[in-house]
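Participant: This is the structure I want to talk about, given as structure tokens.
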Amino acid sequence: MKSPIALLIMSHGNFAKAAIESAELIVGKQSNYVTMSIVVTDELDSLKQEMHEKVKQLDRKQGLLILTDIVGGTPTNLASEFLLQEGALLVSGINLPVLLEILMNRTNSLDKLESLIEEAYEQGLSIRTKRDLEREVDDDDLL
């Protein structure tokens, strides 16, 4: 069986760790991933060193997928240097629906995973209002 794509999940605070723990409740225990938390008091040089040490722990034969919380934030900026290597993809703005899609499809190629991630982003957001709920109730009354 093909090994899953390596994951580096980075965020401000403990979001990365909490996100993977939440996802594992739904899809089961995962392997070949590391998380990294960034806090305001961290020094950039030590963060960079920690990031490289964590990535060395991963089996990257199938590629490296880096997930970060905020476009343009410190985690994204630090992890961007991995894009200089072949077989790396960085996705910013991670949320639980997208993370679940990734975890369920980690044996695909990075290219295939990239298109699945884009689809998951499009389908993973829903905004509802009281009006929507009222319309649904009115529609049910018609049946």
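The values are calculated or read from the model by the stated rules, or taken from the named source; none is laboratory data. Keep in mind that this is a model prediction, so the values were computed, not measured. Using ideal geometry, Cβ is built from the backbone for each residue, glycine included, and neighbour counts are taken over all protein chains shown. Quick note on the areas: whole protein, heavy atoms, side chains included, nothing else; ligands and nucleic acids left out. Shrake-Rupley method; radii C 1.70, N 1.55, O 1.52, S 1.80 Å.
Participant: Could you give the accessible area per residue of the chain, probe 1.4 Å, as a whole number in Å²? Write out the running numbers ahead of the final one.
Facilitator: Values: 8780 Å² over 143 residues.
Dividing the accessible area of the chain by its residue count gives 61 Å².
Participant: Something else: Principal axes first, then extents: for the Cα atoms of the chain, list largest minus smallest coordinate on each axis, whole Å, largest first.
Facilitator: 62, 41, 26
Participant: Given the -39500 (n - 2.57) contribution per DSSP H run of 4+ residues, what per-residue ellipticity at 222 nm results for the chain, rounded to the nearest 500 deg cm²/dmol?
Facilitator: Per the formula, -14500 deg cm²/dmol.
Participant: Which percent of the accessible area of the chain is formed by carbon and sulfur heavy atoms (probe 1.4 angstrom)?
Facilitator: Carbon and sulfur atoms account for 52 percent of the accessible area of the chain.
Participant: Loop only per DSSP, at most 15 neighbouring Cβ atoms within 10 Å: give me the trypsin sites (Lys or Arg not before Pro) in segment 88-131, ordered by residue number.
Facilitator: Filter output for segment 88-131: R128.
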